[in-house]
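Visitor: The structure is given below, and queries will be raised subsequently.
The values are calculated or read from the model by the stated rules, or taken from the named source; none is laboratory data. These figures come from a predicted structure and were not determined experimentally. All Cβ positions, even for glycine, are placed from backbone atoms using ideal geometry, and neighbour counts span all protein chains on display.
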Amino acid sequence: MNNDRRKHRRLNLHLPVFLSRANGDFMSSETVNISTNGFYCRTKQAFTPGETLRCVISLQCDRSPGAEEGLCLDADVEVVRVIATGSDSDFGMGCQIQNYRIALGAKDR
């Protein structure tokens, strides 16, 4: 029996994600999983549930050196969950996507 109460199916997908606060603080991470309305990632910095962040998730398939820039999901997200993972001061963070647009690399942001 599946006790998962989530409304949306999660996909284990590791994509680069860049997070920034309104004050300009910036950090990079990688998604652990994504769904149609959010994602879960690990960070070295603790965020606060309810905090709004700007994020860019790279959807580029070819990450080899010299590859052209690919698509990005450019979004405002709300931090909905933060968990201390106990390893190397890492935190697990669940974010809900508030609004987004698809951008073509840095030129379209």
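Visitor: Step by step: first the residues of region 35-57, then only those that are basic (Lys, Arg) and surrounded by 14 or more Cβ atoms within 10 Å (Cβ to Cβ), then the one that is farthest from Gly86 (Cα to Cα). Which residue is that?
Guide: Taking region 35-57 first, the residues basic (Lys, Arg) are 42, 44, 54.
Next, from what is left, pick out any that are surrounded by 14 or more Cβ atoms within 10 Å (Cβ to Cβ): 42, 54.
Numbers: Arg42: 12, Arg54: 26 Å.
Here the residue is Arg54.
So that you can scan it fast, the table gives a plain yes or no per residue for (1) modelled with pLDDT of 85 or more; (2) assigned to a strand (DSSP E or B); (3) surrounded by 15 or more Cβ atoms within 10 Å (Cβ to Cβ); (4) touching a strand residue (DSSP E or B) at 6+ places or on another chain (Cβ under 8 Å):
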| site | (1), (2), (3), (4) |
| --- | --- |
| Ala67 | no, no, no, no |
| Cys72 | yes, yes, yes, yes |
| Ala75 | yes, yes, yes, yes |
| Glu78 | yes, yes, yes, yes |
| Arg81 | yes, yes, no, yes |
| Asp88 | no, no, no, no |
| Met93 | yes, yes, yes, yes |
| Ile97 | yes, yes, yes, yes |
| Ile102 | yes, yes, no, yes |
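Visitor: Could you grab me the full set of residues in region 6-34 that are part of a strand (DSSP E or B) and crowded, with 17+ Cβ neighbours inside 10 Å?
Guide: If the condition is that a residue be part of a strand (DSSP E or B) and crowded, with 17+ Cβ neighbours inside 10 Å, then Val17, Leu19, Ser29, Thr31, Val32, Ile34 are the ones that fit.
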